[in-house]
Each structure stands twice: as C-alpha cells, then as structure tokens.
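Worksheet for the structure shown next.
The values are calculated or read from the model by the stated rules, or taken from the named source; none is laboratory data. Quick caveat, the model's predicted, so the values are computed rather than measured. Note that each Cβ is placed from the backbone with ideal geometry, even for glycine, and that neighbours are counted across all protein chains shown. Side chains are part of the model used for accessible areas, which takes the heavy atoms of the whole protein and leaves out ligands, DNA and RNA. Shrake-Rupley method; radii C 1.70, N 1.55, O 1.52, S 1.80 Å.
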Amino acid sequence: MGMTMTQKILARHAGLPSVKAGDLIEAKLDLVLGNDITTPVAVAAFDQAGLTRVFDPEKIAIVLDHYTPCKDIKSAQLCATARSFAQRFGITHLYDVGAAGIEHALLPEKGLVGPGDCVIGADSHTCTYGALGAFSTGVGSTDMAAGMAIGENWFKVPAAIKVILTGKLRPYVSGKDVILHLIGKIGVDGALYQSLEFTGPGVAALSMDDRFTIANMAIEAGAKNGIFPVDDQTMTYVKDRFFRPCAVYEADPDAEYIREVTIDLSSLEPTVSLPHLPSNTKTVSNVKGLPIQQAVIGSCTNGRISDMRAAAAIFKGRKVHNGVRCIVIPATQEVYLQCVREGLTEIFLEAGCAFSTPTCGPCLGGHMGVMCEGERSISTTNRNFVGRMGHIKSEVVLASPAIAAASAVAGSIASPDDLKEVY
Amino acid sequence: MVTGKVFKYGDNVDTDVIIPARYLNAPSPAELATHCMEDIDAEYASQVKKGDIMVGGWNFGCGSSREHAPIAIQASGAACVIAASFARIFYRNAINIGFPILECPEAVAAIQKGDTVQVDFSTGVITNHTTGKIFQATAFPGFINEIIAHGGLLPYLKARQER
C-alpha cells in the first residue's frame, strides 16, 4: 500500500521503510520550537525532570512573540526565563524584540524550516510549515522539553484527507477564504488526528503566502498537519534562505485517503467565520453591514507581505471609518521593513490605522487590541472562540486582509467591491 | 479509582475557555486553577472538590497548544476528564503530564451535571452511581499506559534511558 506525503516524511524520520495510519513511531526532529508562553513551562518540566543537556542547540528555536514587547511584569519574567534557558544551553536561534517576529512567519523567512523536515513546536499553529512540504505539528510544553532533550518524539501516524484544489482564485479571494471555506465544510474536528494533504492543479495558482495561511489553520479543522506538494514556487521561496538539503516527497499514486474533498478555487467568494467557532462560516455578501468597532490585520495567519499589500491596496486614498480602531501588525521585522520600503506604512498611517511592531498580542487577547463587553472585531487571525480577544461578550469575526480592510473603511462587514460607490 | 461529582460541558470546549490567555502569564498551577473554566462556568473553580470529574463532549480541548489547560484542570482538583473525543494536542498534553483522560461517548451522553461517578483507571470502567449505569472507556495503546504509569512523558523517558 502506498504512503501519503506525511507518512513518507514520518517513515524517513523514524528510519522505517514504510509506515501506515495508526502506527506508533518515534521520529527524529529537525527543529523544536517554543515561544514566550510555552517555553517557560517546558523549562520547568525540563528542570524538574533533572535533564541537563539539549540534543542540538542549533535545532531549537525560541521566539518571544506573544506578550512582547512585554505587556507586564509577569510577561517580562516569562521572557527572562526563556532567555536564560537559551543562554544556559547556547541556543542560537533565540529571537527577541527587535529581531523577532511572529514565530510561524519568522521561521520560514529565516530558513529554519524547509521541504521534508519533521518539526514540532509548542504552539498549535506550528502546522504552518506544511506549506513548504514539511511535516510540522503543534505540541505542548512537555513534548517540547522532551524534544529539546532527545531530538525525537512519538507520533501516531495519521490517516489523511485529500483536498483537491482546482481552478484559480478570483480577485479579493485569498488563501484565507480557502481555509475558512474548508473548515466550514468539514467542521472544527473534521480532520481530527488526520493530515490535510492539499493537491491538484489549483495548488500552482496559490502563492506561498496563501499556502502558509491555509496550512496555518489546518489545526482549526482539528488536523495534526496540513501539507502542500513542493513545486517551483516552493523551491524559489527556499532558495537563498534554507541551506540544508531539501528532501522532496510526493504521495504515492496508491496512497490511501479516508476522504476526498474537492474545492474549485474559482467558485469561492470572500468568506468570514462568525462567532464563536471557525467553522461558522458565511460568505461576506450574507453578513454585509454587521457593525464592527475594531479591525485587526496581522498574525501568524495573515501578517505576511502579501497580506500587508492586500490591505494597503484597500486603504490607499481611503480612511478608517469613524468609530473603528484598525490595528495593522506586520508579522516580522522583515515584513515591517518591506512595508516601509514599499510605502505601505504611509498608506496605513494616512488611512488612520495604528501600525505596530510584530507581536501576536491581540489575536489571543493578550494586549494591543483587547476588547470590552459588547465590542466586535473583524480580524485576520485564526480563532474566534468565546473571550478569545477579550471580554466573554466580545466577538471576533475571522476574515482575510482585504475583507478586514474594506470593513474597517465601511465601519461594518464589507467587501472591497462594496466600497466603490460610497467611499 | 476515584469517585466524584460531575461538572459537565458541551462540545468543542476550547483551551481559551479552559484557561483564558489573559492568565497564561501566571507563574503557578495553583494560580491557573483559580481561573479554570471561568469564561463558561464562573462557579467551577470555587465549587470543584478534589476527586471531582469533568465531562465534555466531542473535540474537548481544541484550540491552542497551551499545556496550561490540562495543568489548570489538574491543579483545580479534578481527577480526570471524560469526553466523547479529545483534540489531539490536549490529548498528548494530558498524557504527557500524567493527567488521566478517558474517551467514552456513551458515558458522556448518559452522564448529567451533578451525578456521582466512579472511574477505575486501571480498567477504564466508568460507573454512574446516580443512575447505576456502567460504561467502558476506550483503552490506550500499551506505551501510552506506560507513560501514564510513570507519571508523564519525562519520567517515562528518564526511566527508559536508565533501563
């Protein structure tokens, strides 16, 4: 029986000729990731277990991105704990304020992850790197501690859902709309314990940034990982960034899938997820006019340069609606700098947006855009659970950067096409 | 074996309601426990007693990878979580910290809030003393039982390395 792409990567890292869904394996890790929230818990577990060394200080990345620049004393202590651990073991890939960025935008950008890798991260959106043809999955802090100590982890080999993409996205429809549509279709546990393997002729028409966004939210369908085939675009992206040998895997023609889902990209419309589950999707045309008080554009899902460009294209020559706070957060220093160089920063500021240093901040209700009772935010982030961005009676509507920007201008949920007449 | 009162919740209980992100900078499990479940059940943290049992529906623990979630439930005094299914990172995290979880959709469907329920961890047998009904939870694969028996992943790895 053939293997899926994910199964091939896992087999290779477990040193086995083949694996099948349900097998329990131990696989070698190419990278172990943690952030300012999860690393301190891992450090405590590491020390409590009496562990005294890390498997490879070059294969651990610690990114201080969630509550940074530190919002309070407790958060500062978390960062201090993470820094001191990195120093103790000579961990070189420590990314701090001024060099940091949101981990899942930063790691691919820095070339720390590449095709064929096997990566764990103590952050659920670690599945983002599937866009590069890597197996990567979110774990908790104890898994991170074990991974740092021995460079291996246990996995149950996942079965897979084959997601066949055809056609090409229409204007103002992006990777975010693709993944929201898919989650709406299969549900928040539609891919529980499984891989989402994206394939089909439509893949070639998706930019790398679209693929990162799609793989990023695989977890929101319960998936263990989401993965894309490696093509010319992938190789162009990793060239000049990723210097380990690339291992390109393809699913076998006779690989087994437990389900197939076909999405015609050209049929998709701008889509949002209403509170309080990412699967609660509606097309923008169906919820047009729903008032908002805040718009957040950024995050590990949508804080890359093409997201900034999509938002800036809407804001150019327009103003954020009176009564709406719009917070734009480029995901990394490099994206920030690129915004400055391309004149996007000026467009955001002239439109009346707040333009922030990279941080996860508002996405998890940490800081930089927390809401009180009764407020609603449109947000390019990934979760709209109860209380996610603040008060339990505040609401988050998930959307793409173009839709979030258009809604910020309109003062209520809108698509760019809706702006033409009035604004 | 534990016997306790049931605190019951619905499907898709996410880690943001188990322990909201605004408290993730708290330094200790005891402090996390005081905010456990507060966004969907403000009474839980003050009412739960040691040995009580949390019951959830499908996809329990979905969302973020925060290990603070099973840590907070464990520190709150609950002896275990019984759910119809668990989100995969929560599942790993609970096992890795040695916190018992049981998958049993039939028990979840039949158990009500406030019931007195007994759980035998060695057999996976769940007994609802309020109604007299008995259920069998799904068994874990062998090596996961070993991790649980050692009290978590790191003690298990350490024991294995010393063997």
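What are the residues whose amide H is under 5 Å from the amide H of B:Phe86, where those residues sit 5 or more places off or on another chain and H is modelled from the backbone?
Hits under the 5 Å cutoff: B:Asn59, B:Phe60.
So in the range A:271-422, what percent of DSSP beta bridges are antiparallel if you round to the nearest 5? Please report the intermediate quantities before stating the final value.
Details: 5 of 19 bridges.
So the antiparallel bridges in the range A:271-422 amount to around 25 percent.
Select from A:Gly187, A:Phe155, A:Pro171 the residue farthest towards the positive end of the dipole of the range A:151-201; place +1 on Cβ of Lys and Arg, -1 on Cβ of Asp and Glu, and compute about the Cα centre.
Toward the positive end, the furthest listed residue is A:Pro171.
What accessible area per residue comes out for the protein assembly as shown, rounded to a whole number of Å², with a 1.4 Å probe?
On the way: 20500 Å² over 586 residues.
Per-residue value: 35 Å².
Given a Förster radius of 56 Å and the C-beta distance between B:Ser122 and A:Glu269 as r, what FRET efficiency does 1/(1 + (r/R0)^6) yield to the nearest 0.05?
Details: r = 54 Å, r/R0 = 0.96.
With a Förster radius of 56 Å, E is 0.55.
Could you report the accessible area of A:Tyr336 in Å², rounded to 10, computed with a 1.4 Å probe on the protein chains as they sit in the structure?
Per-residue accessible area (A:Tyr336): approximately 70 Å².
Whole angstrom only: what separates the Cα centroid of the range B:92-158 from the Cα centroid of the range A:290-337?
Centre-to-centre (Cα) distance: 45 Å.
Bin all alpha-carbon pair distances of the range A:17-70 at 5 Å intervals from 0 and give each bin's fraction as a whole percent.
Calculated P(r), rounded to whole percents: 4, 14, 18, 20, 16, 13, 10, 3, 1, 0.
At a 1.4 Å probe radius, which order do A:His13, A:His104, B:His150 fall into by accessible area, largest first? Write out the running numbers ahead of the final one.
Values: A:His13 25, A:His104 0, B:His150 75 Å².
From most exposed to least exposed: B:His150, A:His13, A:His104.
Which Cα, out of A:Ile227, A:Leu349, A:Asn216, lies furthest along the positive dipole direction of the protein assembly as shown (beta carbon charges, K/R +1, D/E -1)?
The Cα lying farthest towards the positive end belongs to A:Leu349.
What is the calculated FRET efficiency for A:Leu419 to A:Phe89, with r their C-beta to C-beta distance and R₀ = 41 Å, to the nearest 0.05?
Details: r = 52 Å, r/R0 = 1.27.
With R0 = 41 Å, the Cβ-Cβ based efficiency is 0.20.
What whole-number distance in Å separates the alpha-carbon centres of the range A:204-263 and the range A:39-70?
28 Å
Two decimals, Cα atoms only, Kirkwood Rh: what is Rg/Rh over the range A:121-218? List each step's numbers first, then the result.
Details: Rg = 14.7 Å, Rh = 14.5 Å.
Result for the range A:121-218 is an Rg/Rh of 1.01.
Place +1 on the Cβ of every Lys and Arg and -1 on the Cβ of every Asp and Glu in the range A:271-422, take the dipole about the Cα centre, and give the residue among A:Ser394, A:Asn280, A:His321 whose Cα lies farthest towards its positive end.
Working it through, the farthest residue towards the positive pole turns out to be A:Asn280.
Over the range A:38-187, what number does the Rg to Rh ratio reach, with both radii from the alpha-carbon atoms and Rh per Kirkwood? List each step's numbers first, then the result.
Working: Rg = 17.5 Å, Rh = 17.2 Å.
With Rg and the Kirkwood Rh in hand, the quotient comes to 1.02.
Relative to the longest principal axis of chain A, what angle (0 to 90°, nearest 10) does the C-alpha long axis of helix A:305-315 take?
So the helix axis and the longest Cα principal axis differ by about 10 degrees.
Output the peptides B:64-77, A:310-323, A:360-373 sorted from most to least packed, where packing is the average of other Cβ atoms within 10 Å over each peptide's residues. Let's see the in-between values first.
Details: B:64-77: 26.2, A:310-323: 18.4, A:360-373: 22.0.
Averaged packing, sorted descending, gives the order B:64-77, A:360-373, A:310-323.
Could you go through the range B:88-96 in sequence order and give the Karplus-derived ³J(HN,Hα) for each residue, using 6.51 cos²θ - 1.76 cosθ + 1.60 with θ = phi - 60°, rounded to whole Hz, and x for Gly and Pro?
After applying 6.51 cos²θ - 1.76 cosθ + 1.60, I find 5, 6, 4, 4, 4, 4, 4, 4, 5 Hz.
Tell me, what ³J(HN,Hα) does each residue in the range A:3-14 have, in order and in whole Hz, if you take phi through Karplus 6.51 cos²θ - 1.76 cosθ + 1.60 with θ = phi - 60° and put x for Gly and Pro?
The phi angles translate into 10, 6, 4, 4, 4, 5, 5, 5, 4, 4, 6, 9 Hz.
For chain A, find the longest principal axis of its Cα atoms and tell me its angle to the long axis of helix A:141-150, 0 to 90°, nearest 10.
Approximately 40 degrees, to the nearest 10.
In peptide A:391-403, how many Cβ atoms from other protein chains are near each Cβ within 10 Å, on average? Can you show the working numbers first?
Details: counts 1, 7, 0, 0, 0, 0, 0, 0, 0, 0, 0, 0, 0.
Mean number of neighbouring Cβ atoms from other chains: 1.
B plus A alone minus the pair: what accessible area, both sides summed, probe 1.4 Å, in Å² to 100?
3600 Å²
Please determine, in degrees from 0 to 90 and to the nearest 10, the orientation of helix A:401-410 with respect to the longest principal axis defined by the Cα atoms of chain A, where the helix direction is its Cα long axis.
With both axes taken from Cα atoms, the answer is about 20 degrees.
Could you pull the Rg and Dmax for the range A:271-422, using just the Cα atoms, both in Å?
Cα radius of gyration and Dmax of the range A:271-422 are 13.8, 40 Å respectively.
Just to be sure I understand the interface: list residues from the range B:3-23 that lose 40 Å² or more of accessible area between the chain on its own and the complete protein assembly, 1.4 Å probe.
With the partner chains in place, the range B:3-23 has these residues losing at least 40 Å²: B:Asn12, B:Asp16, B:Ala21, B:Arg22.
When every alpha-carbon pair in chain B is counted, what percent end up more than 23 Å apart? Can you show the working numbers first?
Working: 4445 of 13203 pairs.
Looking at chain B, the distances longer than 23 Å represent 34 percent of pairs.
May I ask for the distance between the Cα centers of the range A:372-421 and the range B:1-50, given as a whole number of Å?
28 Å
Let me check against my output: what whole-number percent is the relative contact order of chain B, with C-alpha pairs under 8 Å and at least 6 apart?
Details: 350 pairs, mean separation 37.7, N = 163.
Relative contact order comes out at 23 percent.
Note down the magnitude of the dipole of chain A about its Cα centre, charges +1 on Lys and Arg C-beta and -1 on Asp and Glu C-beta and zero elsewhere, to the nearest 20 debye.
On the way: 37 positive and 43 negative charges, 111 e Å.
Once rounded to the nearest 20, the dipole reads 540 debye.
Be a star and scan the range A:258-291 for residues whose amide nitrogen sits under 19 Å from the point 7 Å along the Cα-to-Cβ vector of A:Lys168.
Zone members listed by number: A:263-270.
Roughly how crowded by other chains is peptide A:268-274, in terms of the mean Cβ count from those chains within 10 Å of each of its Cβ atoms? If you can, show how the numbers build up before the last one.
Working: counts 0, 0, 0, 0, 0, 0, 0.
Taking all residues of A:268-274 together, the mean is 0.
Amide H of A:Gly202 versus every other amide H placed in the peptide plane: which residues, excluding those fewer than 5 positions away on the same chain, fall under 5 Å?
Hits under the 5 Å cutoff: A:Leu165, A:Thr166, A:Gly167.
Would you calculate the separation in nanometres between label points at A:Leu24 and A:Val97, each defined as 7 Å from the Cα along the Cα-to-beta-carbon direction?
4.4 nm
Tell me the Kirkwood radius of the range A:300-386: reciprocal of the mean inverse pair distance over distinct alpha-carbon atoms, in Å.
Working: mean 1/r = 0.0744 Å⁻¹.
Value: 13.4 Å, from the Cα pair sum.
In whole Hz and in residue order, list the ³J(HN,Hα) couplings for the range A:41-58 that follow from phi through the Karplus curve 6.51 cos²θ - 1.76 cosθ + 1.60, θ = phi - 60°; x for Gly and Pro.
5, 5, 4, 4, 5, 4, 5, 4, 7, x, 6, 10, 8, 9, 5, 6, x, 7
Mind putting a number on the dipole of the range A:271-422 about its Cα centre? Charges go on the C-beta only, +1 for Lys and Arg and -1 for Asp and Glu, and I need it in Debye to the nearest 20. Before the final figure, lay out the partial values.
Working: 14 positive and 11 negative charges, 33 e Å.
Dipole about the Cα centre, nearest 20: 160 debye.
Would you work out what percent of the accessible area of chain A, with all protein chains in place, is carbon or sulfur (probe 1.4 Å)?
Working: 7420 of 14350 Å².
After summing per-atom areas, the C and S share lands at 52 percent.
Residue by residue through B:55-66, how many Cβ atoms from other chains fall within 10 Å of the Cβ on average? Each step should come with its number before you reach the end.
Details: counts 0, 0, 0, 5, 6, 1, 0, 12, 10, 13, 19, 9.
Across B:55-66, the average partner-chain Cβ count within 10 Å equals 6.
Return the residues of the range B:144-163 for which accessible area with all protein chains present is lower than in the chain on its own by 10 Å² or more; set the probe to 1.4 Å and exclude ligands, DNA and RNA.
Buried by the other chains: B:Ile144, B:Leu153, B:Leu154, B:Leu157, B:Lys158, B:Arg160, B:Gln161.
For chain A, evaluate the Debye formula with one uniform point scatterer on each Cα (no solvent term) and list log10 I(q)/I(0) at q = 0.11, 0.12 Å⁻¹, rounded to two decimals.
-0.78, -0.93
What is the set of long-range amide H partners of A:Thr271 at a cut-off below 5 Å, with H atoms built 1.01 Å from backbone N?
Close amide H contacts, sequence-distant or interchain: A:Val284, A:Ser400.
Rounded to the nearest 5, what % of DSSP beta bridges with both residues in the protein assembly as shown are antiparallel?
Bridges in the protein assembly as shown that DSSP calls antiparallel: roughly 30 percent.
Can you run the Rg to Rh ratio on the range A:194-238? Use alpha carbon positions and the Kirkwood inverse-distance Rh.
On the way: Rg = 10.5 Å, Rh = 10.9 Å.
Ratio of gyration radius to Kirkwood radius for the range A:194-238: 0.97.
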